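The values are calculated or read from the model by the stated rules, or taken from the named source; none is laboratory data. What you see is a predicted model; the values in this text were computed from it and never measured. Positions of Cβ are backbone-derived with ideal geometry, glycine not excepted, and every protein chain shown enters the neighbour counts.
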Amino acid sequence: MLIGELAALAGVSTRMLRYYDQQGLLASQRSSNGYRRYDETDLRAVRQIRTLVENGFALEETRPFVDCLRAGYASADVCAASQEAYVRKLADLDDGIDRLQRTRADLAARLAAAAQVQCGAPACEASLTS
């Protein structure tokens, strides 16, 4: 299929496909007239890339999944490198959640302390936190 067909089927721009191609994530073949030609594996790769990016993966982090598809697997998730990428991403998310929870607890404590100083009474603080 040509780049315009792939773009329409995958729901991305031709510019995005050219970028993926430049990054080595797609393996277009050139026809005799110089047009890029793609196959079903490229379509599956683009869809996988988009899903992963929507889930917070950086473009480079999608490479193991694309490599898995290129190796002929029906799913990009079954290769060891893909599963390792999931483990790393989950660890990153857990770290981020922990950081956010600590930040939230710190801010809540600061607000409670500030409210108590401003109001001068625990009853006033209770009304601000409820």
### Out of Ser75, Ser82, Ser28, sole residue that is hydroxyl-bearing (Ser, Thr, Tyr) and crowded, with 19+ Cβ neighbours inside 10 Å
Ser82
### Query
Would you call Arg30 in contact (Cβ under 8 Å) with a residue 24 or more places away in the chain and not hydroxyl-bearing (Ser, Thr, Tyr)?
no
### Query
In region 61-85, what count of residues is obtained for those that are in a helix (DSSP H, G or I), out of contact with any helix residue (DSSP H, G or I) (no Cβ under 6 Å at 6 or more places or on another chain) and under 16 Å from Asp42 (Cα atoms)?
3
### Query
Does region 53-60 contain any residue that is touching an Asp or Glu at 6+ places or on another chain (Cβ under 9 Å) and not in a helix (DSSP H, G or I)?
yes
### Query
Hey, Arg88 hits all of (1) outside any helix (DSSP H, G or I); (2) within 14 Å of the chain's Cα centre (by Cα) but one; which does it fall short on?
(1)
### Query
Can you tell me which of Thr41, Thr62 is without any contact (Cβ under 8 Å) to a residue 40 or more places away in the chain and crowded, with 16+ Cβ neighbours inside 10 Å?
Thr62
### Task
Report yes if Arg15 is of a type outside the set (A, V, I, L, M), part of a helix (DSSP H, G or I) and touching a residue at least 40 places away in the same chain (Cβ under 8 Å), otherwise no.
no
### Query
How many residues are aliphatic (A, V, I, L, M) and either in contact with a Phe, Trp or Tyr (Cβ under 7 Å, 6 or more places away or on another chain) or under 21 Å from Arg88 (Cα atoms) (or both) when one looks only at region 8-45?
3
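Going through region 18-38 one residue at a time, which ones are closer than 19 Å to Thr62 by Cα and part of a loop (DSSP other than H, G, I, E, B)?
Gln23, Gly24, Leu25, Leu26, Ala27, Ser28, Tyr38 - these are the residues of region 18-38 that are closer than 19 Å to Thr62 by Cα and part of a loop (DSSP other than H, G, I, E, B).
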### Query
In region 40-60, how many residues are touching a helix residue (DSSP H, G or I) at 6+ places or on another chain (Cβ under 7 Å), of a type in the set (Val, Ile, Thr) and at pLDDT 95 or above?
3
### Task
Test Arg37 against the stated conditions and say whether it is modelled with pLDDT of 95 or more and either at positive phi or not hydrophobic (A, V, I, L, M, F, W, C) (or both).
no
